[in-house]
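Notes follow once the structure below has been shown.
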Amino acid sequence: MPPATVSAHPAQLPSLAVRRFAWAVVAYFIAVILWGTVVRATGSGAGCGDHWPLCNGTVVQHSPRVDTVIEFAHRITSGLSFFAAVGLAIWTFGATPRRHLARATAIAAVVFTLIEAILGALLVKLGLTAQSTSPLRAPYLALHLTNPLLMLGALALTAHLLGRAQGFLKGTVRFVAPIRAAAGLLIVLIVGVTGSLAALGDTLFPASSLGSALAQDFSSTSGWLVRWRWTHPSIAFLASIFLIWLLVRAAQRNAWWDNRGLSALILMLLAAQYLLGLLDVVLLAPVWMQVLHLLGADVLWAALIVLTARVTLQPKEG
């Protein structure tokens, strides 16, 4: 039986409209992230030259090249994502009472979106795009991947908290195993970072066959970006330990949420990710496969954020 001190009537929930909008923003941000992968995988990052926020020094592009269209489209959709995040924050503040946890996560999403805009501008201004092999590109790309995951996590958490009927105010939740949960999510973040570096290696140093790709991985003449591609599947295996712990915790009886459906979804997404990762290697990382693999990763990340919140941020017992 849910504790009476934190129970809430469904009428206390924010409107269905704001809850649907929150999940729509999550979906839109995933689409923007995927288009960013298309920019990187096609080498279109320099499509607008070194100009930012303008494209080739202008707003209107006359007879643009394909790479210009790809890069400029990403800039437009990225700019719109900032307004979407701000709109969600404003609507969240208007639809929720004081001390509602969704207010803090919505503000965090706006901050991460601003940071992402700064990182994108720096990539362009520093020339860390297209076929650049600068030593700075890998760490910048790692940061450029970590921040969107934090941004997406904040948005997913906002959408989840807006849908809570209990345990949504400061002081009404208790933390369960927060250190293990934080460590597990950190490992999943590292999996994403190593995946982005592996994808960058595939883009800059493409292989003509699976045999040559494997030879590159163990060749002393290959760059570190290529020779470290094995770290991605290795760390992904370690992350599965956290997922097992999380799913076991989620399977335990819970008075507030039925986690069976979400747990099943995560298991299916995880299996799909392993399959897509294998196909990505066998097919030599074509652009469409990289996009599909990242789509699965982003959806899995959002689902993990929600399930972790259900397991670790539980309503206080009265």
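The values are calculated or read from the model by the stated rules, or taken from the named source; none is laboratory data. Everything quoted here is computed from the prediction, not taken from an experiment. Positions of Cβ are generated from backbone atoms using ideal geometry, with glycine treated the same way; all protein chains shown enter the neighbour counts.
Go through the range 173-201 and give me each residue that's modelled with pLDDT under 85, surrounded by fewer than 20 Cβ atoms within 10 Å (Cβ to Cβ), farther than 28 Å from Tyr140 by Cβ and not charged (D, E, K, R).
Val176, Ala177, Pro178, Ile179
Has the range 289-305 got any residue that is in a helix (DSSP H, G or I), closer than 18 Å to Leu243 by Cα and either without any contact (Cβ under 8 Å) to a residue 24 or more places away in the chain or charged (D, E, K, R) (or both)?
yes
Name, by its number, the condition in (1) small (Gly, Ala, Ser); (2) in contact with a Leu (Cβ under 6 Å, 6 or more places away or on another chain); (3) free of Cβ contacts under 8 Å to residues at least 40 places away in the same chain that does not hold for Ser263.
(3)
Select from the range 34-89 the residues that are in contact with a helix residue (DSSP H, G or I) (Cβ under 7 Å, 6 or more places away or on another chain) and among the aromatic types (Phe, Trp, Tyr) and write down the one among them that is surrounded by the most Cβ atoms within 10 Å (Cβ to Cβ).
Trp35
In the range 50-67, what residues are in contact (Cβ under 8 Å) with a residue 24 or more places away in the chain and touching a strand residue (DSSP E or B) at 6+ places or on another chain (Cβ under 9 Å)?
His51
Return a yes/no flag: does the range 122-140 have any residue that is without any contact (Cβ under 8 Å) to a residue 24 or more places away in the chain, among the β-branched types (Val, Ile, Thr) and not in a loop (DSSP other than H, G, I, E, B).
Scanning the range 122-140 turns up no residue that is without any contact (Cβ under 8 Å) to a residue 24 or more places away in the chain, among the β-branched types (Val, Ile, Thr) and not in a loop (DSSP other than H, G, I, E, B).
Tell me yes or no: at least one residue of the range 262-269 is in a helix (DSSP H, G or I), under 25 Å from Ala41 (Cα atoms) and modelled with pLDDT of 80 or more. So that I can check it myself, show each step before the final result.
Looking only at the range 262-269, we keep the residues that are in a helix (DSSP H, G or I), and these are 262-269.
Then drop every residue that is not under 25 Å from Ala41 (Cα atoms), which leaves 269.
With modelled with pLDDT of 80 or more added as a condition, the list becomes 269.
Yes: the range 262-269 contains one or more residues that are in a helix (DSSP H, G or I), under 25 Å from Ala41 (Cα atoms) and modelled with pLDDT of 80 or more.
Results for (1) within 20 Å of the chain's Cα centre (by Cα); (2) not in a helix (DSSP H, G or I), shown as yes or no for each residue.
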site	(1), (2)
Trp91	no, no
Thr113	yes, no
Ile118	yes, no
Leu149	yes, no
Gly153	yes, no
Arg164	no, yes
Arg174	no, yes
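Each row is one residue, and each column tells you yes or no for (1) among the small types (Gly, Ala, Ser); (2) more than 22 Å from Gly43 (Cβ to Cβ).
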{"residue": "Val66", "(1), (2)": "no, no"}
{"residue": "Glu71", "(1), (2)": "no, no"}
{"residue": "Thr77", "(1), (2)": "no, no"}
{"residue": "Leu80", "(1), (2)": "no, yes"}
{"residue": "Arg103", "(1), (2)": "no, yes"}
{"residue": "Ala108", "(1), (2)": "yes, yes"}
{"residue": "Gly153", "(1), (2)": "yes, yes"}
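Please determine, by comparing only the residues of the range 270-288 that are outside any helix (DSSP H, G or I) and in contact (Cβ under 8 Å) with a residue 24 or more places away in the chain, which one is farthest from Val311 (Cα to Cα).
Taking the candidates together, the pick is Leu284.
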